[in-house]
Each structure stands twice: as structure tokens, then as C-alpha cells.
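The values are calculated or read from the model by the stated rules, or taken from the named source; none is laboratory data. Predicted, not measured: the structure shown is a model, and the values here were computed from it. With ideal geometry, Cβ positions are generated from the backbone for all residues, glycine too; neighbour counts draw on all protein chains shown.
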Amino acid sequence: MRTTSLHRSIVFLACGVALAACANGGVSSPPTEATIDGNETAGKDSAAGSGAVGHLGGAGSGGSHVVGVVGGAGSSVGGAPSAAFGGSPSTSTGGRAGGGSGGKASAGGSNTSAGSAGAPAPTVGCDAPTTYPNLFVTVSGHTQAESDAKLAAAWSQLFGTGANTVYYKGPGADESYVQDVANNDVRTEGMSYGMMIALQLDHQDEFDRLWAFVKNHMAQASGQYAWHTSTSGSKLATGGAPDGDEYFAAALVFAAKRWGNTSGKYDYAKEAKVVLDMIRTQDFNDKAKLVQFYVGSGNTDGSYILPAFYQSWACFDAENAAFWNSAVSAGRAFFQAAVDSNMVIGDQSSFTGQTVKGAGSDTVRCVMNIMMDHNFFHADPWQETYATKYGAYQSKGAGSTAQLSCNGLLGFGLPAATGKPFVDKLWSAAIPTGQYRYYDGTLYLLALLHVSGTFKLWY
């Protein structure tokens with residue numbers, strides 16, 4: 001997402017101690033784009049009144065929910081059991097090949113070619129994983145039926161028709177959108193997350209309706225997608241946000257495999273290729289082989305870097321496989337260069353990993369990107385070192401649902417006993433409600449998909 005640490009009304013805390021900006025108790029009025037981000041405004045011509053909603057403090061204090069180091073448990077989520085989510089490939093209740101009963105695969109259980117600095121391009125190949133461990137079962141001790149019910153309840157609330165949904169129909173008869181409720185707009189980030197969630201849970205109609213909104217209201221002649229619009233579809237910006245673009249592309253690639261190119265409204269493979277070409281030629285810095293914070297920004301955002309997606313694109317977009325394989329290696333190397341001593345990655349960084357903007361709301365997503373790559377490919381041994389150190393740091397404080405959700409994926413890189421607290425916190429968290437249900441809710445659902453083994457690489 002293009003805005004910065006206040007754009008989702010979230011401020012990152014280190015070990016439960018607020019940043020200096022928290023001392024004032026919040027902002028008196030919604031800031032403009034220029035005041036949110038002092039270092040750049042190009043391409044961020046948001047409409048008046050669309051500044052981020054901000055408040056610092058607890059619920060009901062008029063301020064923003066605050067991201068901490070790790071989240072406390074909320075109420076458990078109920079919901080009637082449903083049929084297992086599915087289609088092939090099947091969800092495994094065990095580990096990856098060679099894996100034990102926990103989230104961490106044993107040595108030699110998967111491909112081990114490294115993609116870190118100085119190493120050759122990954123040689124994982126084009127076979128997607130055949131099993132996807134469900135940590136709620138193998139680590140937390142729940143049943144598959146309970147896991148399925150939790151996912152069904154989260155989908156029903158956040159993508160249903162009740163008061164706490166983020167999914168709304170319109171403005172066109174065949175369109176729907178995911179709303180950032182706090183900021184009263186529609187963002188490529190949320191639209192792409194919604195498409196990925198719908199794809200993974202086999203909701204093709206919702207997927208097509210979301211993509212119709214994107215094509216009709218966010219697409220531009222340049223190939224970029226306006227990073228936010230009003231709920232009626234009016235563009236509020238001309239610049240794009242590569243994180244949304246990347247999830248659009250991944251969702252479309254996976255849709256082509258899962259549903260085929262004639263079963264719905266779109267030829268998904270054709271649509272995916274158009275988006276991938278734009279990402280490769282506009283969103284990426286060609287020299288660094290890293291995605292930019294925005295076109296021409298001269299820097300990157302660690303939460304935009306998604307090696308697991310690039311690996312799948314190297315197989316789908318074979319004519320550009322060398323580029324995507326280079327992006328895999330560059331992305332894995334970047335993470336190693338960008339972390340601090342606690343394995344925290346700032347909201348924005350130079351292409352060589354120097355922090356440009358400190359930890360904020362985007363920071364919480366980096367762990368999801370790193371650990372999904374580890375879960376799917378086990379190609380970079382450093383990722384387990386990351387999980388150990390970041391997990392130790394994150395265990396020292398409390399945080400938002402967005403953060404504890406992403407931290408749930410640490411279970412893939414830690415021994416079962418060490419990873420269990422992170423998996424359990426995700427299991428115990430309540431489905432997000434209220435003003436901030438958009439960011440918390442979409443990340444909560446994505447984390448549930450990953451940790452339950454329901455998020456699959458369809459390519």
C-alpha cells in the first residue's frame with residue numbers, strides 16, 4: 001500500500017514501548033498525503049479528505065489501534081463445521097516431505113538450493129508442493145474439522161453481508177469491492193488480498209466481481225492500477241502500489257490453474273500475463289531485481305518482496321523465467337541485508353537494505369512473506385535463523401491482530417514447542433470487527449489460510 005505508517009492507523013511498537021510519536025496520544029485531524037509521508041508525494045495525488053484516519057491509544061479512545069510486538073489472545077472463534085475446503089492439491093495434516101509433526105521440516109526433507117546473497121539462482125523447479133501442513137492440527141492439537149470451521153466463520157463474517165463485512169457489492173451490477181473501512185476507500189492492496197482469499201477458498205464469483213471492479217475503476221492506460229479509489233469507483237490517485245499488483249498477478253496465475261480459463265468471466269492466464277508484464281517492466285528496479293515502493297521511488301518496501309510468488313511466476317511466465325529467478329535470489333538476499341539485530345525490517349529500505357523509513361504498519365507483513373517462502377520451498381536456511389531471532393523478539397510484547405496473525409507463520413520455521421505460542425495466538429484471536437477490521441481482517445484471513453495449510457501454490 002502506498003501510504004506510510006499512519007495509513008492504516010497503526011503504529012509499530014518495539015517490545016511494548018511506543019515510538020516517540022505515540023506520546024502525544026494521536027493526531028488532531030486526518031493528515032494529508034504530504035503530511036503523512038514527508039519524503040515523497042509523486043504519484044500520490046489522493047483526493048481531499050482521503051487522508052489516513054489516525055488515533056493513538058486503546059479502543060474507544062479516539063485513537064488508532066497500536067501494533068505491538070506480539071498480540072494477546074482474543075476470544076476463540078466459533079462457527080459450525082463445514083466441508084473441507086478443497087480441490088487438489090490436498091491439504092496434509094502432516095509436515096512437508098521429511099518433516100516431523102511440528103511446523104519445522106527436518107533436514108533434507110525438501111529442496112535445499114540457496115537463494116541468498118552470492119548463491120546461484122534457486123533450482124526448486126516447477127513442481128508446486130504436494131502437501132501443505134496444517135499447524136493448527138500438528139502444532140496446536142485441533143482437528144481438521146475445527147480448522148475448517150474457523151476458516152468458514154472468518155470468511156462468512158468478513159466477506160458476508162453482516163455489519164462487520166469488508167466486502168460490498170457495486171457500483172456495477174457485476175462488481176464488488178473490499179473497503180478500507182477506517183479510510184472509507186478501496187485499495188489495490190485490499191482488492192488483491194480479497195481475490196487471493198476468494199481463490200484459495202474456491203469462491204470464483206466473488207473473485208470475478210472483485211477483478212471486474214479493478215479493471216473498470218483502477219486500471220489506467222499506463223498499465224498501472226490506481227492504488228485507491230472511492231467506493232463508487234472514482235480514482236483518488238494516479239500512482240500504483242506494487243504490493244497490490246503482485247497479489248493481483250499471483251491470484252490470477254493461481255486462478256488459471258485452479259479454475260481454467262473458460263469457467264468464469266475471464267481468461268485468467270491472459271489477464272495474469274498482462275499484470276506480470278507491467279510488474280516486470282514498471283514496478284521492478286531492473287538493476288536490483290527488487291520491486292520498488294512505487295514507480296521511480298528509488299527504494300523498496302520489504303513487505304512488497306514476495307520470493308514465493310516470484311518462484312511460481314518463473315514457471316508460469318517461462319519466457320521471463322531468468323528475470324523471476326533473479327528476483328527470487330535478490331529478494332531473499334535483501335531480507336538478510338535489511339534486518340536489524342532483532343530481525344525487524346523497516347517500512348522502507350534502500351535496494352541494498354539500508355533503512356529509509358523505520359518500522360511501521362508495513363513491517364508486520366514481512367514475516368508472512370519470509371515464512372511463506374520457507375514453508376513452500378525451504379530454499380534458504382537463513383529463514384530459520386530469522387524465525388528464531390524474530391520470534392524471540394516478538395515474544396516480549398503485545399500487539400494488534402494484524403501483527404499476531406502474520407506472526408502465526410513463525411510456526412513454519414520453529415520447532416513445534418517454540419512455534420506453538422504463535423500458532424495458538426492466531427487460533428485464539430477473535431475475527432476482527434469495527435473500524436479497523438479491513439487491515440486486521442484481511443491479514444487475519446491470509447494467516448489462517450497459510451497456517452491451516454489451505455493456502456496453496458496453484459501453478
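Being more than 30 Å from LYS235 (Cβ to Cβ), within 24 Å of the chain's Cα centre (by Cα) and either assigned to a loop (DSSP other than H, G, I, E, B) or modelled with pLDDT under 90 (or both), is that true of even one residue in region 139-162? Within region 139-162 (the criterion being more than 30 Å from LYS235 (Cβ to Cβ), within 24 Å of the chain's Cα centre (by Cα) and either assigned to a loop (DSSP other than H, G, I, E, B) or modelled with pLDDT under 90 (or both)), the answer is yes, since at least one residue qualifies. If you check ASN325, ASN369 for being farther than 19 Å from TYR390 by Cα and either touching a helix residue (DSSP H, G or I) at 6+ places or on another chain (Cβ under 8 Å) or surrounded by 23 or more Cβ atoms within 10 Å (Cβ to Cβ) (or both), only one passes: ASN325.
Take the conditions of a type outside the set (S, T, N, Q) and touching a residue at least 40 places away in the same chain (Cβ under 8 Å) and apply them to LEU210. Does it pass? No, not satisfied. Within the bounds of region 278-293, is there any residue that is in contact with a Phe, Trp or Tyr (Cβ under 6 Å, 6 or more places away or on another chain), crowded, with 24+ Cβ neighbours inside 10 Å and at pLDDT 95 or above? Yes, some residue in region 278-293 is in contact with a Phe, Trp or Tyr (Cβ under 6 Å, 6 or more places away or on another chain), crowded, with 24+ Cβ neighbours inside 10 Å and at pLDDT 95 or above. Is it true that some residue in region 331-340 is in contact with a His (Cβ under 9 Å, 6 or more places away or on another chain), touching a residue at least 24 places away in the same chain (Cβ under 8 Å) and closer than 23 Å to PHE412 by Cα? So far as region 331-340 goes, no, none of its residues is in contact with a His (Cβ under 9 Å, 6 or more places away or on another chain), touching a residue at least 24 places away in the same chain (Cβ under 8 Å) and closer than 23 Å to PHE412 by Cα. With respect to (1) in a loop (DSSP other than H, G, I, E, B); (2) farther than 21 Å from GLY408 by Cβ; (3) β-branched (Val, Ile, Thr), the lone exception for VAL344 is condition (2). Checking VAL364, VAL291, VAL328, VAL356 one by one, the residue that is closer than 29 Å to LYS420 by Cβ and of a type in the set (A, V, I, L, M) is VAL364 and no other. Suppose the filter is over 18 Å from TYR459 (Cα atoms) and among the charged types (D, E, K, R); does ASP243 pass it? Yes; evaluated as a whole, the condition is true for this residue. Scanning region 197-207 for residues that are buried (at least 22 other Cβ atoms within 10 Å of the Cβ) and free of Cβ contacts under 8 Å to residues at least 60 places away in the same chain gives ALA198, PHE207.
In the set (1) touching a Ser or Thr at 6+ places or on another chain (Cβ under 6 Å); (2) farther than 21 Å from THR433 by Cβ; (3) of a type outside the set (Ser, Thr, Tyr), ALA182 fails one condition alone, (2).
For region 427-454, which positions are more than 18 Å from SER192 (Cβ to Cβ), in contact with a Ser or Thr (Cβ under 6 Å, 6 or more places away or on another chain) and not in a loop (DSSP other than H, G, I, E, B)? Across region 427-454, the qualifying residues are TRP427, SER428.
Once region 208-221 is narrowed to residues that are assigned to a helix (DSSP H, G or I) and not charged (D, E, K, R), the residue that is surrounded by the fewest Cβ atoms within 10 Å (Cβ to Cβ) is ASN216.
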